[in-house]
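Here is the structure we will look at, set down as structure tokens.
The numbers here are math on the coordinates, done by the rules we state, and not lab data. The structure presented is a predicted model; accordingly, all values stated were derived computationally and were not measured. Here the Cβ positions follow ideal geometry from the backbone for every residue, glycine too, while neighbour counts run over all protein chains shown.
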Amino acid sequence: MEVTVTVNGRSRSGDVEPRTLLVHFLRDSLGLTGTNVGCDTSSCGACTIHIDGESVKSCTMFAVQAAGTNITTIEGLAPGDGTLHPMQQAFMECHGLQCGYCTPGMVMAATSLLRENPHPTEIEVREGLEGNLCRCTGYHNIVKSVMTAAGSAS
Amino acid sequence: MIPASFDYVKADSVDAAISALREHGDEAKLLAGGHSLIPLMRFRLATPAVLVDIGRLDDLVGIADAGDHVAIGALTRHRAVETSDLLAAHAPLLCHVASQVGDPQVRHRGTLGGSLAHGDPASDLPAALLALRGSVMAKGPDGEREIAADDLFTGFLETALADDEMITEIRIPKSGDAGWSYQKFNRRAQDWAIVGAAVQLGDNPGVALVNMGVTPLRAESVESALADGVEASEAAAGAADGTEPPADLNADAEYRSHLARVLVQRAVDAARS
Amino acid sequence: MTAVGTRLLRKEDPKLLTGEAAFVDDITVPGQLWMAMVRSPFAHARIKGIDTGAAASASGVYAVYTGADLHDMGLWIAPLPCAWPVTDDMVNPPHYPVTIDEARHVGDVVAVVLAEGRYAAADAAELVDVDYEPLPAVGSLGAAMAGDATAHSDLGSNKCFHWPLIPDPDALDAAFADAAHTVSADFTQQRLIPAAMEPRGVLAVPSVFGGDVTLYSATQVPHVLRVMLAATTGLPESKIRVVAPSVGGGFGAKLNVNGDEILAVTLANKLGRAVRWTESRTEAAFSTHQGRAQRQHIELAANADGKLRGVRVHLDADMGAYLMLITPGVPLLGSFLYTGVYDVPAFGFTCDGWFTNLTPTDAYRGAGRPEACYAIERAMDLLAAEVGIRPEEIRRRNYLAGGDAFENLEVPSTLVFDSGHYGPNLDRALDLARYDELRAEQAKRRADGNPKQLGIGLCTYVEICGLAPSRALGGLNYGAGGWEHATVRMLPTGKVEVVSGSTPHGQGHETTWSQIVADKLGVDPADVEVLHSDTAVSPLGMDTYGSRSLSVGGVAIAAACDKVLDKARQIAAHSMEANPDDLEFDSGSFSVAGSPDRSVTIQEIAFGAFTAHDLPDGMEPNLSEAVTFDPPNFAFPFGTHVAVVEVDEDTGRVEFVDYTGVDDCGTQINPMIVEGQLHGGIVQGVAQALWEEACYDADGNCTNPSLLDYLVPSPVEVPNITLDFTETPSTSNPLGVKGVGEAGTIGSAAAVINAVCDALSPHGITDIDMPATPQRVWRAINDAKGGAA
């Protein structure tokens, strides 16, 4: 069936089976491969995107459920002028990524977190990212990145 | 992990959803936030032939003051429950428990009605409903009825809801200024509770346990001890009485029973302080 | 301008941060077929028949093949390789990409489906009907040793090999004969699932008329893989190109040669269609090797003052169902380190390898060394208790060279440690952790009967990295060399291209290599482009594992820069009509000593070498030099970690209060990257200590294959980490560098369990198995108290 969504500011459509997971629609139908798949149990958060401004695990939604919504993926976060979004910039400056596989989901979760809580404590950052797993960084510099982006680095 | 195929029905109204359920019987499942159902479907542990999507029934979203209780639309998301000023004033236990569900992404999509209809004994929100002595409104082909929390959970992932019934509203009695606490014990923040204990003080104290049996449970002996004003440690001693806790990789039955006693005591202490 | 030693931000990051970087599953080609595996649900079963009819006729299905079909098609000429036959009589049963007659672990592939889409392939795999006859399964290492069932029906025993390292048996016996103190302990290294965040995946793209095939694989070892693909498939090596695009972490789990890689290459080649497969996370518990899985027995003998006399170790190691690329060698990588940082006169080690009906094991971050470090560091705490002194004191009394600086010191396990200086390293760690204050706080909590008891755990580790001198590897029967290759070339426009045989998957090589080159050639790091991970671009390489990239690959790059400079100097001297020996090189320019106005930049020389209009007689054009570096010795990083935990005695829960590491990896190129490696490494070791274990039931079923139940920790539970460094340059290479990729993991598990046991010591508890789950800790306390729950 036909699904139309707004992705990164543009209307995009695709013909999918009802069982098509949103993350597969984004990756396979729309070619937006920045959103990654790291698990099959809604545990790792690598597939995190924004739907209507809120972080969501796109592996735990059918594409048909997203019809009509406004989606932002990692490809749509930076302003498009060659610079990075402040959260991306903070991750770079604080070495908040290594292999980079969890990173798109981590950045999307972090930006959603700051929208809800612009000046989190370190513990609030850690709890706010509880749904995102990283195997490289030990989270140390991820937490530092988010605190830096929030302007509340200690 | 790819779900099996299914037919998709998008319901434009509660009545349309109910008639779709009626038409397809136990072949059909309601799809709200999907955060209980889709994980099962990905492992093909659930293979419904028909999914009835009620996710756009905006009438079922919202939190309203209804006099002696707060009425919460079934499709209200955990995040909205967590951040509701109305609930913070009248049922703060529910706000806090909602904040402990899964992770932020799950709370942005998961719905209160969906979580209760799933009836998972390891889930947080059913325990809050029990401790708060809440109820759900269920609508079916023959109209609407109220099901008390005590009557809702009937077996492992089974509820009193008929195949063609759906939850439309959750009713939470106002708990006033009475103390409350939710103690969730897990090994990793995002995980289900190994054991959880929800305590709501008041004239009719409520104590509910997470993951201590095949259904979400009330710890009735603790409740009556609290009503009698006994010390927390003494009241908590009976927390695991009559339960049949499951055994898994994280905890055997003996350890779960121990945790239930410890967590209930901590919850009572916190609620009273 | 100096780049080495600075916290240069990573060149890799913008692509990764914006979703532009391409991992294997991001790459699509026209006409691709999706492969899905049909996997055995039984740990051990005879395959009596396979009905592929329903699957083959399902919508979107291109073909279905059983193991017998593929064998008959001649898709392979040899089984999957084990490149490390540790003994001459090691048992190595054949292991095929698709098994033919018998499934030997849950997830052993029995058939493959090719379909036009991801979903169609998954559907069809469910339609393949396999008739299994379940056989008795070897569901644990203990069951393998008991031998009631055999993992392979045609083998009479589960024993794979016996490997001894006892340099002087008489001295060892004498050390124990009349020791004042002895300690004997048994430890379990539970099975771990590596769980790199990117699951493994492959995409093989054939050229029908070119006769070649390109394999994109989420691998750490494209070069090794290419050789092995040729050896197993019979395709000419020259017709195989392997590309590791962006790779999302490896931790050892991506250094193998896997059946799926062979299937993709051979089926693509046979069918003329691209073939792809990406494992799901839960499938990875069966399709990707696991780590650790050892039982350790360690004995220490010491004098009355705690001075060590001897260390004796026996290891039983679970190979899993088959030998993968270096499965049997992993426990032996640790064998040389069971004496740790200590001066031990006598040493003996034996290891038995055993087959089970479980997922095969192989390298996982640290590979043998975390296990060794854990055993000796846990045992040293037991010895301290036995002698009646503090953990830091038992260590001080036994450090090599008395804790003073040393170079090129031979230890009883026959290795020569390159450099070390352990005393000041320990001092700094204790200071930074505020150790004395912690001990005071601990005493107070004990006196108060506080239900949250403090535990302080030390670990002083040494590890062996920079694999490796090729001769040393040969001596261990390892099937390859340990060199690394690099080419450095100046382009006509003055930019620099570096071709490296190292294959990064998150380590930031492009940045680190640029820093080395920038300083060597006097160029801006931004003008250095690093090419890697594609056998067509970088044909020679030994890849990335064993913390070898910098101390072997980085050194090769530095040496290639030196060769470039040598040639540039000749050209500069020629153009300035000066003697090469009179030239000075600084900040990218050659000048004549004493005449600073006479100078030429390296960029100008590069252009001159390209035009070749005026080169010295007989000199070849261009400025491009290659070096293959084979290190003369390993490198031995070391450090001290201090874990501080709080144990909730009512629930058994262990929480972190603090974690301090003072590490020494010699000279640092990019301290920011060094710290990142340690943060991640430490948390991986901490995760073994507290959360992670691949659990199997007695029938060999993994009961926690997904990330729901296999507890890779989240940001909430892990410690905040404080790091500092000492810097003792290696003597094994001219840069003075040592590896740092695995050090954190090697040092951390022992520190954490030492802390947990320290907290529990008032109860008389001396050991807790890993992972120290709340239930395990609570039960130990409860038992110690007399058992009433």
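Quick notes on this structure:
- Across all directions, the average flat footprint of the convex hull enclosing the Cα atoms of the range C:69-155 is 8.1 nm².
- Checking the Cα-Cα distances for C:Lys11/C:Lys563; C:Lys239/C:Lys270; C:Lys495/C:Lys738; C:Lys452/C:Lys785; A:Lys144/C:Lys254 against a 20 Å cut-off, the pairs over it are C:Lys11/C:Lys563; C:Lys495/C:Lys738; A:Lys144/C:Lys254.
- Positive-pole candidate from C:Gly661, C:Val716, C:Trp778, dipole of the range C:640-789, charges at beta carbon: C:Gly661
- Going by neighbour counts of Cβ atoms within 10 Å, the residues B:Asp26, B:Asp7 line up, fewest first, as B:Asp26, B:Asp7.
- Sorted largest first, the principal axis extents computed over the alpha-carbon atoms of the range C:334-397 equal 44, 21, 20 Å.
- Cβ-based charge dipole, the range C:1-97, positive-most Cα from C:His95, C:Pro41, C:Ile77: C:Pro41
- Short-range pairs are left out: with C-alpha atoms under 8 Å and at least six residues apart, the relative contact order of chain C is 15 percent.
- For C:Arg309, the amide hydrogen comes within under 5 Å of the amide hydrogens of C:Ala301, C:Ala302, C:Asn303, counting only partners 5 or more places away or on other chains and with H modelled in the peptide plane.
- Compactness of the range C:516-645 was expressed as the Cα radius of gyration divided by 2.2 N^0.38 Å, which yields 1.34.
- Built amide H within the under 5 Å cut-off of A:Cys99, gap 5+: none
- Between the alpha-carbon centres of the range A:1-59 and the range B:229-273 there is a gap of 42 Å.
- Ratio of the Cα radius of gyration of the range C:112-175 to 2.2 N^0.38 Å, where N counts its residues: 2.11
- Entry note, the range C:245-314: relative contact order of 19 percent, from Cα contacts under 8 Å with a spacing of 6+ residues.
- The range C:192-238 and the range A:84-104 have their alpha-carbon centroids 29 Å apart.
- Ranking of C:His297, A:His85 by count of other Cβ atoms within 10 Å, fewest first: C:His297, A:His85
- In sequence order, calculated HN-Hα J values of the range C:164-177 (Karplus, 6.51, -1.76, 1.60; Hz; x Gly/Pro): x, 9, 10, x, 9, x, 5, 4, 5, 4, 5, 4, 8, 4
- Here the range B:134-273 was treated as a single set of alpha-carbon atoms; its pair distances binned every 10 Å from 0 give 12, 37, 33, 15, 2 percent.
- One compactness figure for chain A is 1.02, namely its Cα radius of gyration divided by 2.2 N^0.38 Å.
- Semi-axes of the equivalent ellipsoid of the range C:624-675 are 40, 13, 10 Å, computed as sqrt(5λ) over the eigenvalues of the C-alpha gyration tensor in descending order.
- Residue-wise HN-Hα coupling along the range C:427-432, computed from phi with Karplus coefficients 6.51, -1.76, 1.60 (Hz; x: Gly, Pro): 4, 5, 5, 5, 4, 4
- As a proxy for reagent exposure, ranking B:Val50, C:Val752, A:Val64 by other Cβ atoms within 10 Å from fewest up yields B:Val50, A:Val64, C:Val752.
- Value of Rg/Rh across the protein assembly as shown [Cα atoms, Kirkwood radius]: 0.98
- For the range C:583-706, the Kirkwood hydrodynamic radius from C-alpha pairs, put into Stokes-Einstein at 25 °C and a viscosity of 0.890 mPa s, yields a diffusion coefficient of 114 µm² per second.
- Electrostatic dipole magnitude of the range C:252-318 [Cβ: Lys, Arg +1; Asp, Glu -1; Cα centre; debye, to 20]: 140
- Spherically averaged projected area of chain C from its Cα convex hull (nm²): 36.7
- Label point distance in nm, C:Asp404-C:Lys495, each placed 7 Å from Cα along Cα→Cβ: 5.4
- Remark: the protein assembly as shown carries a charge dipole of roughly 700 debye about the Cα centre, counting +1 on each Lys and Arg Cβ and -1 on each Asp and Glu Cβ.
- Cα long-axis angle, helix A:103-116 against chain A (0 to 90 degrees, to the nearest 10): 80
- Dipole moment magnitude, nearest 20 debye, the range C:636-769 about Cα centre, only Lys, Arg, Asp, Glu C-beta charged: 600
- Positive-end extreme of charge dipole, the protein assembly as shown - chosen from C:Ala755, A:Cys99, A:Gln65 (charges on Cβ): A:Cys99
- DSSP bridge orientation in chain C - percent antiparallel, rounded to nearest 5: 80
- Whole-Å semi-axes of the ellipsoid equivalent to the range C:577-638 (Cα gyration tensor, √5λ, descending): 30, 19, 11
- With contacts taken as Cα pairs under 8 Å at a separation of at least 6 residues, the range A:1-106 carries a relative contact order of 31 percent.
- What separates the Cα centres of the range C:24-44 and the range C:533-595 is a distance of 44 Å.
- Taking every alpha-carbon pair in the range C:1-136 and binning the separations at 10 Å intervals from zero gives 11, 27, 26, 16, 13, 6, 1, 0 percent.
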